[in-house]
1. If you wrap the range 1-49's Cα atoms in a convex hull and average its projection over all directions, what's the area in nm²?
2. Which order do peptides 43-53, 211-221 fall in by mean Cβ count within 10 Å, highest first?
3. To the nearest 0.05, how large is the calculated FRET efficiency for E238 and H274 if R₀ is 25 Å and r is the Cβ-Cβ distance?
4. Return the distance in nm (one decimal) between the two label points of a simple spin-label model at A207 and I155, each offset 7 Å from Cα along Cα→Cβ.
5. Please work out how much length the chain gains when fully extended from M145 to V4, using 0.36 nm per residue of separation minus the C-alpha to C-alpha distance, in nm with one decimal.
6. Among E3, E86, which comes first, second and so on when ranked by fewest other beta-carbon atoms within 10 Å?
7. Can you put H224, H259, H267 in order of Cβ neighbours within 10 angstrom, beginning with the fewest?
8. As an exercise, use a Förster radius of 25 Å and the Cβ-Cβ distance of T246 and A172 to find the FRET efficiency, rounded to the nearest 0.05.
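Each reported figure results from applying straightforward, stated rules to the coordinates on display, with no laboratory input. For clarity, every value in this text was computed on a predicted model and none was experimentally measured. We place every Cβ from the backbone using ideal geometry, glycine too, and count neighbours over all the protein chains shown.
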Amino acid sequence: MREVPGRVVPVNGRYVYVEESGQGQDRVVFEAGGGCGRTCWDPVLPPLTDKARLVTYDRAGRALSDGGTQQRGVDDMAADLVAMTEAVVPGEFVLVAHSMGGLVARRAAERLGSRLRGLLLVDPLPETSPVYDTWDQTTKKIDRMLAMTQTLSRIPPLARLFSGNVRRLFSAGTYRAMLAEDFTPAGISQIRKEMQAVAAAIPQFRARPPRLPQCPTIVLSAAHAAKGRERQHAAIREHQRRYAETLPDGRHEDVASGHFIQAEQPHLVADRIHHLLLSLDS
């Protein structure tokens, strides 16, 4: 099992589990994608340990964090992210977000103001993407499959079967932690809740998109599409590119990778984070 010191941090009447590593004056905060926790960033951390203080965490309700008693939306997740950084991170920092975490990070950026000095969005899914046009129906279909998976995940061999794609991407220690925390009935229940939260948030994001971040921002797009999803994938990449073009200081880049760029191309992600850190220091 991975050996990383952590602590619980109170946020908005609940707590989140936070791990801190690395060293230096600069800070980097990581926001995971849907269905993932702090462990999904493990491959990126080693190349950055001598460059900055690194902060990963589990959103409320996930892995080692408290879920509270109420259903939480994307705006609530953003409020928790802001509260966590206020408690843990002194001063300015770079924020890195993957996939669904991009929605959380962009909403949080509105409240972070000048403390946010750089933003790296790793294969995010902009609310303008046509994939969200039928997201309600997609969520219902996936939820039915996840409900079955949630029940079957009580059986360890089946949990390992469901998580085979993750096992191929992450180290043995990270995978064991994911298996124990994410591919469990509680972990899959949280995936279902987060998908529902995104479905509820998209109309709000389309009606009132988050204000554009004023800091240097890099948008990374996964260039490798899953088989049979090439057309949908191309549309997502186009909307990622368009979003980057709207930014005051934005840059878009295609990466030879699948969706988990941080696992397939960790050194590239670390390099782009370092680039943003240099702009923070300048």
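1. The number I arrive at for the range 1-49 is 4.5 nm².
2. On the way: 43-53: 18.5, 211-221: 20.5.
Per-residue mean Cβ counts within 10 Å order the peptides as 211-221, 43-53.
3. 0.35
4. Result: 4.5 nm between the two label points.
5. Numbers: separation 141, 0.36 × 141 = 50.76 nm, distance 3.31 nm.
47.5 nm is the gain from fully extending M145 to V4.
6. So the residues, fewest neighbours to most, are E3, E86.
7. Lowest to highest Cβ neighbour count: H267, H224, H259.
8. FRET efficiency, T246 to A172: 0.05.
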